[in-house]
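Below is one structure; the comments refer to it alone.
No value in this document is a laboratory result; all are computed from the given coordinates. Note that this is a predicted model, so its numbers are computed, not measured. Glycine gets a Cβ as well: all are built from the backbone with ideal geometry, and neighbour counts include every protein chain shown.
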Amino acid sequence: MPQKTLGIMALYLNGKRLEEIDYFRKLTIQGRKLELNVIVFTPEDLHPTKRAVAALQYDPLKAKWSRGWRAIPDLIYDRCRYQKNYRFPLLRKFRAHYPQLTYLNRPIAHKWNIHQLLYKDRNIRAFLPETVYYHKPSDLFPFLKKYNLVYLKPSDGTGGRGILCIRHLGNELYLIQGRDRSRRIISPRKMRADQIASSFQTWGLKERYLIQQGIPLALPDGRVHDYRLLIQKNGQGEWEVTGCAGRIGPLRSITSNLHGGGKALPMLKLLQSRFSSAEKIDDIRKSMYKLSYLVAVHLEKHYGRLCELALDIAVSPSGQVWLLEVNPKPAREVFKRIKELDTYEKAIRRPLEYALWLNNKVRSE
């Protein structure tokens, strides 16, 4: 029987550059161990008349990539991350033109739509910080009165880009911190509430922003932290937590993202630095895992088949677990950073194992 082929579908960035080419190389190597052939293509690589793509394929023996025409495979692993240009509509066009293919995952909505959808589940609702859609500056004032800490987040932002944090200092004075759209740290500024709105234009704060209840994330040294949990479908088609790691941001940063200069450390080590009770730590871990299952099942019911999700999770000083964000196209380098290499390898292998399980399931139906 010929090897099954998995097509990894991505989007070019500038020219023919692919953001996750090293991940795709590792998928190819793992795929060979599972007797699964792996090719990489984008919607721009489609043949103009034939059902074929000019795909990239990695040869581990020669340690090099080559490009050639390949038939569009029946199995598709969608790694297309949102872009504000002509490329993302090409993804939608491809999926509409080839609905008969077996996709491991589906595109999901922006942060606001995800928040609204998750809020409908009363079991998930308790984990969600209060969040509203930003329409005008006056939408912010009720939050400033209610919470000492408020975040402003782009609805379509990733990697900490464009996030602002507003902290109440007392005496009607607020501290504004954040990152611009290029992830550069904005110099902290102090101002009154009535000055905040007028300064929004400086940061390019326009439409598609969210206002969110801030969760205290600062460690004793002032650095913020959170947790990145990865839940994936396994080789039996079931959701399973692959791993969870802590992340600590650099000095003066309001985010902990690794791309923004953050560092990673094992989840247990970070929790032990904050909580002395082993029972408390275990309760927090169980709460994180429970939340990830609830979110994965709920989103899949709404959007259709998914294969993996990353959850950014905050834990308050009291031990309350909060869901900050959901990422449907997660990276897995955080596990390599903390030297949990078995978890890192599992995080790479699981989409391939799920693809094989899914292929057998579709063929038997």
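Could you tell me which of rounded, prolate or oblate describes region 1-75, using a ≥ b ≥ c as the square roots of the eigenvalues of the alpha-carbon gyration tensor, with rounded for a/c under 1.5 and, failing that, prolate when a/b is larger than b/c and oblate otherwise?
oblate
Cut-off 15 Å, label point 7 angstrom out along Cα-to-Cβ of ALA197: give me the residues of region 125-154 whose amide nitrogen falls inside. 134-145, by backbone N distance to the label point. Amide hydrogen proximity for LEU6: with H placed 1.01 Å from N in the peptide plane, the residues at 5 or more positions away or on another chain lying under 5 Å are ASN37, VAL38, ILE39.
In this simple spin-label model, placing a label point 7 Å from the Cα along the Cα-to-Cβ direction at both ASP342 and ARG106 gives a separation of 3.5 nm. Taking the convex hull of the alpha carbon positions in the chain and averaging its projected area over all directions gives 20.1 nm². Tell me which DSSP H helices of the chain clear both cut-offs, 30 Å or more of axial length from alpha-carbon atoms and a mean Kyte-Doolittle hydropathy of at least -1.0. Counting only whole DSSP H runs, the qualifying helices are 278-303, 341-364. Relative to the 2.2 N^0.38 Å rule of thumb, region 273-361 has a C-alpha radius of gyration ratio of 1.26. The stretch between ARG252 and GLU130, if pulled fully straight at 0.36 nm per residue, gains 41.5 nm over its current Cα-Cα span.
Which links in LYS280/LYS336; LYS26/LYS64; LYS233/LYS286 stretch past 22 Å when you go from one Cα to the other? Correct reply: LYS280/LYS336. Computed from the C-beta positions of ASN360 and ASN148, the FRET efficiency with R₀ = 56 Å rounds to 0.55. Relative contact order of the chain: 16 percent, from C-alpha pairs under 8 Å at least 6 residues apart in sequence. Remark on CYS307: its backbone amide H falls under 5 Å from those of ARG106, a criterion applied only to residues 5 or more positions apart or on other chains, H modelled at 1.01 Å from N. Modelled spin labels at LYS190 and LEU219, positioned 7 Å past Cα toward Cβ, are 2.7 nm from each other. With the cut-off at under 15 Å, measuring from each backbone N in region 80-104 to a point 7 Å along the Cα-to-Cβ line of ALA71 picks out 101-102. Which stretch or stretches of region 115-136 have amide N atoms under 13 Å from the point lying 7 Å from LYS301's Cα along the Cα→Cβ direction? Within reach of a label on LYS301, which here means backbone N under 13 Å from a point 7 Å along Cα→Cβ, region 115-136 contributes 117-125.
For LYS4, the aspartates and glutamates whose Cα falls under 15 Å of its own Cα, not counting residues fewer than eight places away in the same chain, are GLU35, ASP74, GLU353. Extension gain for GLU240-LYS93 works out to 49.8 nm (0.36 nm per residue, less the C-alpha to C-alpha distance). The slack between LEU169 and ILE21, meaning 0.36 nm per residue of separation minus the straight C-alpha distance, is 48.8 nm. Label-to-label distance for LYS64 and TYR293 is 5.0 nm, based on points extended 7 Å past Cα in the beta-carbon direction.
In summary, the aspartates and glutamates within cross-link reach of LYS16, defined as a Cα separation below 20 angstrom excluding same-chain residues under 8 places away, comprise GLU44, ASP45, ASP59, ASP78. Distances between placed amide hydrogens fall under 5 Å for ILE163 paired with ARG179, all partners being 5 or more residues away or on another chain.
Straight-line reach only, C-alpha to C-alpha below 22 angstrom: list the lysines that LYS190 could link to, leaving out same-chain residues fewer than 8 apart. List returned: LYS136, LYS145, LYS146, LYS153, LYS206.
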